[in-house]
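Quick notes on the structure that follows.
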Ligand code: GLU
């Protein structure tokens, strides 16, 4: 290919970007990075009624979080800007005017009421919806009359009444659409704003987009776009429609399937690299087995040829597993950085002091094996920091051991812990293992009581390592408190 790859992510700011949106962004970004091309962000905000406040910011935040930086677009600029469609209205108005002059489009003066009753009529007769083309061949006099009455028209495309439009999609191959089913769609609304179809085509042309990579749901718009390319005399880009994303029940992925907003994943403690890795596999695969791809590996291996046609199934469990894989691979310092905002509210400022940070770095090896999201951080580390553990006194009692015997065992253990020469895992094991035998209880029973006393939990990382990290002072105080609870 001689032409440089220029791809774009062109979201409409109608809400927080969801998994499907960011998957499109990622594929475009990967292709640009793989080919040394250009990745463009363009905000398609021409449907002012559907615009949601803060949505553009959410798009930008999502892309930044995922590390999908753009080479041209809002905040970055570029030679084809502005990259926000509401700031480019004259381009669309000029194109619409040119099509009208050329006889490929026409002004339509039909009132909303008329269009509404036409639609109802069509529904009643079970006819396909679509404009009945009343204004397609207005005489100049009739047009002047409408204008005299001050009716503000829309501009509609004069879709060919017969023939076919053939789309050559990179993924789907040849897809044919009958023109007579396409209707005379609106190009320019009466407020001077373009519709998606017109703005999308005009911009993809002006911005010299080489490949349009987008979700499958836009395939049905492609014949309209191709007709526009042809009548405007533009060379169409290569179309690459990405397979639909389904939920585990194989219906279209939606809120019903749980969190689908990209930022919700950030806020519940997913790592951007894990998320990108998982999203890359929604419609693309290198082979039948490789699942874990570091970012640079994705960039290296990504290709359009390996985008599949069959629906991708979004599996939250798999994503969770993958996030765990990434969390376990993080160097401790990086894990501590990532966890800091999640655990600070629970453990307070302690984690931010140099001593607290050093302590956290000793705690993390014990929990890194278990953690699957950063949001689990507070639950996993809180008992290392927060005193006054809350547990039921009955949790202290091993099965088949009385309250007195438990209290007694803990008292003896307390003494030994106080006297232990060193307080590391090996030394602790050397002190506590023989003690069980000496007291005539099972090791599991003694260790169980100590685990609850020192951590407040019945399940925790290995006991001796945990006690070593907690340190003698904390352990002694906690065992004393447990003895007091037992009375
Ligand atoms: N604005 C459309 C969207 O919200 C863009 C579709 C396309 O990429 O052409 O997804």
Condition broken by residue 209, with the remaining ones in (1) more than 12 Å from the ligand (Cβ to nearest atom); (2) in contact (Cβ under 8 Å) with a residue 12 or more places away in the chain; (3) in a loop (DSSP other than H, G, I, E, B) satisfied: (1)
Cross-chain or 6+ apart pairs with Cβ under 8 Å, segment 2-26 first and within 19 Å of residue 208 (Cα to Cα), then within 9 Å of the ligand (Cβ to nearest atom) and in a loop (DSSP other than H, G, I, E, B): 8/42; 9/42; 10/42; 10/44; 11/44; 25/11
Whichever residue in segment 217-257 is in a helix (DSSP H, G or I) and in contact (Cβ under 8 Å) with a residue 60 or more places away in the chain and, among such residues, is surrounded by the fewest Cβ atoms within 10 Å (Cβ to Cβ): 232
Criterion: at pLDDT below 95 and either away from the ligand (no atom under 15 Å from the Cβ) or surrounded by fewer than 19 Cβ atoms within 10 Å (Cβ to Cβ) (or both) - qualifying residue of 181, 188: 181
Residue within segment 458-480 that is buried (at least 16 other Cβ atoms within 10 Å of the Cβ) and more than 23 Å from residue 361 (Cα to Cα) present: yes
Residue ID - surrounded by the fewest Cβ atoms within 10 Å (Cβ to Cβ), chosen from residues in segment 296-324 that are touching a helix residue (DSSP H, G or I) at 6+ places or on another chain (Cβ under 6 Å) and assigned to a helix (DSSP H, G or I): 299
Search result, residues across segment 424-445 that are buried (at least 19 other Cβ atoms within 10 Å of the Cβ) and within 13 Å of residue 467 (Cβ to Cβ): 428, 432
Flag for residue 7 being within 13 Å of the ligand (Cβ to nearest atom), buried (at least 19 other Cβ atoms within 10 Å of the Cβ) and outside any helix (DSSP H, G or I): yes
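Would it be correct to say that residue 14 is more than 13 Å from the chain's Cα centre (by Cα) and within 11 Å of the ligand (Cβ to nearest atom)?
Judged against the criteria, residue 14 is a match.
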Residue match in segment 86-93 (condition: crowded, with 22+ Cβ neighbours inside 10 Å, within 29 Å of residue 187 (Cβ to Cβ) and away from the ligand (no atom under 11 Å from the Cβ)): yes
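Look at segment 12-69 and say how many of its residues are in a loop (DSSP other than H, G, I, E, B) and in contact with a helix residue (DSSP H, G or I) (Cβ under 8 Å, 6 or more places away or on another chain).
16
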Test result for residue 281, within 16 Å of the ligand (Cβ to nearest atom), closer than 30 Å to residue 339 by Cβ and either surrounded by fewer than 17 Cβ atoms within 10 Å (Cβ to Cβ) or under 14 Å from the mean Cα position of the chain (by Cα) (or both): no
Residue within segment 127-140 that is more than 16 Å from the ligand (Cβ to nearest atom), over 41 Å from the mean Cα position of the chain (by Cα) and not in a loop (DSSP other than H, G, I, E, B) present: yes
Residue ranges of helices (runs of 4 or more DSSP H) in segment 353-456 with at least 2 members under 23 Å from residue 328 (Cα atoms) and within 38 Å of the chain's Cα centre (by Cα): 354-367, 377-385
Residues (near the ligand (Cβ under 8 Å from one of its atoms) and surrounded by 22 or more Cβ atoms within 10 Å (Cβ to Cβ)) located in segment 191-203: 200
Looking only at segment 77-119, and only at residues there that are closer than 18 Å to residue 46 by Cβ and assigned to a loop (DSSP other than H, G, I, E, B), the one that is nearest to the chain's Cα centre (by Cα): 83
Yes/no for residue 41 being within 30 Å of residue 192 (Cα to Cα), surrounded by 24 or more Cβ atoms within 10 Å (Cβ to Cβ) and more than 9 Å from the ligand (Cβ to nearest atom): yes
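The values are calculated or read from the model by the stated rules, or taken from the named source; none is laboratory data. Note that the structure is predicted; figures quoted are calculated from it, not measured. FYI the Cβ positions are ideal-geometry reconstructions off the backbone, even for glycines, and counts take in every protein chain you see.
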